[in-house]
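Please read the structure below before turning to the comments.
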Amino acid sequence: MMVRENDLADTIRRPIQMSEAQRVLAHISDWTESVSDSWKVRANAQQRKLDNGDPFALAEVYKTLRVRQQADTLNGADHRQLNQSMRCLSEELAAAMNQSVSQVCQHMERAALD
């Protein structure tokens, strides 16, 4: 990927550290805000968070959609966004926590459904 040097500060962020990774996992557990039942409104809001790339926003998408999956209320867009949030978040947390992606996914699962 090519990025202009002048745009680096606005485009690239440093990976999170262990302490922030632990706060992200806690955020998954604590996140309780409701989302719209309208799939289109929900998909647009979730996509904005996914596009942002902030780990805490990714955690909110993951938690919201994982709970919906548990209730068996995911549609196709929800399923794609759940997979995207899980992939992006687990890779970043794995690097920060020096664990495998599968180990981190287990942590995320417990945080989402406890």
Next on the checklist: Given an 8 Å cut-off on Cα distances and at least 6 residues of separation, report the relative contact order of the chain as a percent.
Outcome noted: 33
Next on the checklist: Compute the angle between helix 76-97 and the longest alpha-carbon principal axis of the chain, please, reported from 0 to 90 degrees and rounded to the nearest 10.
Outcome noted: 40
Next on the checklist: Is there a quick way to get the dipole size of the range 17-113? I mean about its Cα centre, with the Cβ of Lys and Arg at +1 and of Asp and Glu at -1; what is the value in debye to the nearest 20?
Outcome noted: 180
Item to check | Under Karplus coefficients 6.51, -1.76 and 1.60, residue-wise ³J(HN,Hα) of the range 4-17 in Hz, glycine/proline x | outcome: 4, 4, 5, 9, 4, 4, 8, 10, 10, 10, 6, x, 6, 9
Item to check | Simple spin-label estimate for Asn75 and Ser36 in nanometres, 7 Å along Cα-Cβ | outcome: 1.1
Checklist entry - In angstroms, what radius of gyration and Dmax does the range 17-113 have, counting Cα atoms only? => result 12.5, 38
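Shape verdict for the range 5-61, please, from the Cα gyration tensor: rounded (a/c under 1.5), prolate (a/b greater than b/c) or oblate.
Numbers: a/c = 4.81, a/b = 1.30, b/c = 3.70.
Note, shape of the range 5-61 comes out oblate.
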Item to check | the chain: angle of helix 55-70 to the longest principal axis, Cα-based, in degrees nearest 10 | outcome: 20
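Computed from the coordinates by the stated procedures, all read-outs in this text should not be read as laboratory data. Everything numeric here is computed off the predicted structure, so don't read it as measured data. Every residue, glycine among them, receives a Cβ derived from its backbone with ideal geometry; neighbour counts consider all protein chains shown.
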